[in-house]
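Notes to accompany the following structure.
Bear in mind these aren't lab numbers, they're just calculated from the coordinates by the rules spelled out. Quick caveat: nothing in here was measured; it's all calculated off a predicted structure. All Cβ positions, glycine included, derive from the backbone under ideal geometry; neighbour counts span all protein chains shown.
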Amino acid sequence: MLLLVPADPLRAHRPDPHFAPEATTAQEAGVPVAVVDHDALARGDASAALRRLPEAGEAVYRGWMLRAER
């Protein structure tokens with residue numbers, strides 16, 4: 001299982017500061033963490049949003065709310 005969190009808008013390779021503590025806790029517990037581009041998700045551009053992900057598999061998103069259709 002992979003934890004997905006929004007990327008920091010100013011440092012795209014780091015978790016958004018609002019979700020950084022959760023990302024750190026997950027990593028310390030042995031859960032891999034990846035960042036996603038929330039703005040791309042909100043636009044419906046999944047390819048751009050998920051381009052930094054490692055291989056495919058199950059993931060849980062913990063981040064800013066999205067519309068149901070996204």
Cβ-Cβ distance below 7 Å, separation of 6 or more or different chains: which pairs start in the range 38-67 with a residue that is free of Cβ contacts under 8 Å to residues at least 60 places away in the same chain and surrounded by 12 or more Cβ atoms within 10 Å (Cβ to Cβ) and end on one that is part of a helix (DSSP H, G or I) and charged (D, E, K, R)?
ARG62/GLU22
Could you tell me which of the residues LEU66, LEU10, LEU3, LEU41 is in a strand (DSSP E or B) and aliphatic (A, V, I, L, M)?
LEU3
